[in-house]
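Data first, discussion second: the structure below is written as structure tokens.
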There are 2 protein chains.
Amino acid sequence: MQDSRATEITQRTIEETIVSGILSARIRPGTRLSENQLATLFGVSRTRVREAMMRLETRGIVHVSPRRGWFVVEPSAEDAMAVYEARRIIEAGLLRSMRSLTDAGRKALEAHLHEEKHALASGDRQRLTYLMGDFHIRIAELSGNGILVDILRDLTARTILISMLYQSDFHAAQSHDGHCRIFEAMQSGDFTRAAELSVEHLDEVEMGLDLTTRPDPLSELRNSLSLPPKTASSVSPQPDPKKRNFKGAINTC
Amino acid sequence: MQDSRATEITQRTIEETIVSGILSARIRPGTRLSENQLATLFGVSRTRVREAMMRLETRGIVHVSPRRGWFVVEPSAEDAMAVYEARRIIEAGLLRSMRSLTDAGRKALEAHLHEEKHALASGDRQRLTYLMGDFHIRIAELSGNGILVDILRDLTARTILISMLYQSDFHAAQSHDGHCRIFEAMQSGDFTRAAELSVEHLDEVEMGLDLTTRPDPLSELRNSLSLPPKTASSVSPQPDPKKRNFKGAINTC
DNA sequence: CGCGGCTATCTTGCATACAAGATAGAAAAG
DNA sequence: CTTTTCTATCTTGTATGCAAGATAGCCGCG
């Protein structure tokens, strides 16, 4: 972060840092985000941190418990279903409205799927999680509609939080296959089929969740434990085995 | 909302006041929103106003020009097309995913359409504008998906801003008919047809816009005129004839 | 040993002070 | 009369200070 003209870097850096931390599953649901810690971490005052938190709150990424603190959201089972339903509606509608796949688009998706394959083979879990979610954002980008891209990015972030809470086991390979099938349908120009496959894919992933088990009955208590005062970084994951009642860390989106 | 303990009222009141002002077309695109004026208007400090502005900015409702001020967004023609495209995708997808219309839902829509008809007959333009947009939010509410409701509410707000900039003439009756047709298809259980009608309806409204004419080439200049220092309220409309290069004030959504 | 209450210390909520950029209007020069 | 320049004033950007609620740990009491 050391720059000659230091400012300008942290205009919306805080916001994006947290979101990208979630998109790559480095930040868990329920993580405490202390204004003070983030402020010292970014070398700014609490004011800017608060503004970033406000923005993230409207995006459904964090929430505030009055006078207690900011936390990364822990979507309930109902929230989870709503997120997947919203994604099915938007992503299927998006694919259904497509008329053609540009050459640049085809190449972008091919490159992406290649990356997925590579991450799958090399076992790079964090990168795989990121890529699995990013696929859907890439598709939104093909539409050229920035509004939908923003919406789907935030929904993807929430999806990843959901899978960290509820995903009992991950079928990354199966999910990758789903992505490939969607791409093939798109390539053949059958966007109706691509939309159907997209819905099936999301259904599949949602079915892989265990939405019956309450994710973390001691959530409130864990919140107060999740950031021991001596820990400096509130953004990095804590590999404390006591908190390992979290489910798998790989998201199949 | 009237509470004996006066506070608590202004937690997110500022945000909602501005949004509802837009939804009923009382606030024009490009309106300056001075932090100081809003602060004194609501009897709070600038801090809270700023937080509300930050939230509204992420919702795509206002934007800030550095060191110059906050303004209600003036969507460009490209923005306008993106908004309508997003709405087509989401609303059609939403209808297509519906399986049944509950009795409560049917009654709610019937009541709404009755209100539209009444406002149309009585010539209550402001109320009509509000209702025309609210119809689509009501449909989203039927899905029970709060995420989609929030998204569509913000898109509707932007739609109303767009129509204030680009709508050359309004066909409120035609638009009301479109709503009725969508409702009829829903009532008959043909949600695929309802989705198609929804797309047609949005196309129709978009076609009614004049997206070729630059909405307001003197936008920057007008911004500086839009709030003469002597005017106390920055939220109420200014019926200054000089700024009447705005198009029609009724939105057909 | 168990339990209740107190206090020290954390957290956010909110207002305020000051800095810096942008603007408009007056004043001055052509 | 026009143009330019300067200054007074307005705007947001940011940090800081203080208040109030929530929490945890200690201490004392039963």
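Computed quantities for the displayed model
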quantity	calculated
Percentage relative contact order, segment B:1-74, counting C-alpha pairs under 8 Å, at least six apart	31
Overall Cα dimensions of segment A:1-73 - principal axes, largest extent first, Å	36, 28, 19
Relative contact order (%) - segment A:103-208, alpha-carbon pairs under 8 angstrom, separation at least six	25
Amide H contacts under 5 Å for residue B:253, placed H, 5+ residues apart	none
Segment A:163-172 - phi-based ³J(HN,Hα) in whole Hz, Karplus 6.51/-1.76/1.60, Gly and Pro as x	5, 5, 8, 10, 6, 6, 9, 10, 10, 4
Cα-based convex hull volume of segment A:77-207 per residue, rounded to whole Å³	92
Residue-wise HN-Hα coupling along segment B:66-80, computed from phi with Karplus coefficients 6.51, -1.76, 1.60 (Hz; x: Gly, Pro)	x, 6, 10, x, 9, 9, 5, 4, 10, x, 6, 4, 5, 4, 4
Residue of chain A nearest the A-to-B rotation axis [by Cβ], rounded angstrom distance	A:93, 1
Using θ = phi - 60° and Karplus 6.51 cos²θ - 1.76 cosθ + 1.60, couplings along segment A:26-35 (whole Hz; Gly, Pro as x)	8, 10, 8, x, x, 4, 6, 10, 6, 4
Anchor residue B:107: aspartates and glutamates whose Cα lies under 19 Å away (excluding residues fewer than 8 positions away in-chain)	B:115, B:116, B:134, B:141, B:177, B:184, B:190
Alpha-carbon spread of segment B:1-132, three principal axes, descending order, Å	48, 45, 32
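Only the coordinates and a few stated rules stand behind these numbers; no lab work does. Predicted model, so just to flag it, every value in this text is computed and none were measured. All Cβ positions, even for glycine, are placed from backbone atoms using ideal geometry, and neighbour counts span all protein chains on display.
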